[in-house]
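The values are calculated or read from the model by the stated rules, or taken from the named source; none is laboratory data. Everything numeric in this text was worked out from a predicted model, so none of it was measured. Cβ: placed from backbone, ideal geometry, glycine included. Neighbour counts: every protein chain shown. Ligands, DNA and RNA are stripped out before the accessible areas are found, and what is left, the full protein with its side chains, is counted by its heavy atoms. Shrake-Rupley method; radii C 1.70, N 1.55, O 1.52, S 1.80 Å.
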Amino acid sequence: MDEVRATLQSWNLSQYADVFFEEGYDDLAYLLEVDEGGLEEVADDCKIEKKGHRARLFKRLEQLRETAAPSAGPLFD
């Protein structure tokens, strides 16, 4: 949860950290795997109603997803 809290804080969305935990979204790796529809559900569950906050969350997760993607190629041939 600390990783999710710190990430939300760095994105100026720290006001949602407690509800992320309450709703069980306490694993950043999971959030990075969720598709667009799943992100909408996360945002709804966490009561992120402001369009700008939703957009920021989605954009930042996408950016983090891109930087976290392995660049060494596939693990198996």
TODO: Report the relative contact order of the chain, percent, no decimals, based on alpha-carbon pairs under 8 angstrom and at least 6 residues apart.
DONE: 29 percent
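How big is the dipole moment of the chain about its Cα centre under a simple scheme where the beta carbon of each Lys and Arg is +1, that of each Asp and Glu is -1, and everything else is neutral? Debye, nearest 20, please.
So the magnitude is around 560 debye.
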Task: For the stretch 54-67, Karplus couplings with θ = phi - 60° (6.51, -1.76, 1.60), whole Hz, Gly/Pro x - done: 4, 4, 4, 4, 5, 5, 5, 5, 5, 4, 5, 4, 5, 6
Task: Residue among 57, 31, 21 farthest towards the positive dipole end of the chain, charges placed on Cβ - done: 57
- [ ] Return the carbon/sulfur percentage of the accessible area of the chain, one whole number, probe 1.4 Å, all protein chains in place.
- [x] 48 percent
- [ ] Choose one answer from 18, 35, 45: the residue with the largest mean-square fluctuation in a GNM of the chain with alpha-carbon springs under 10 Å.
- [x] 35
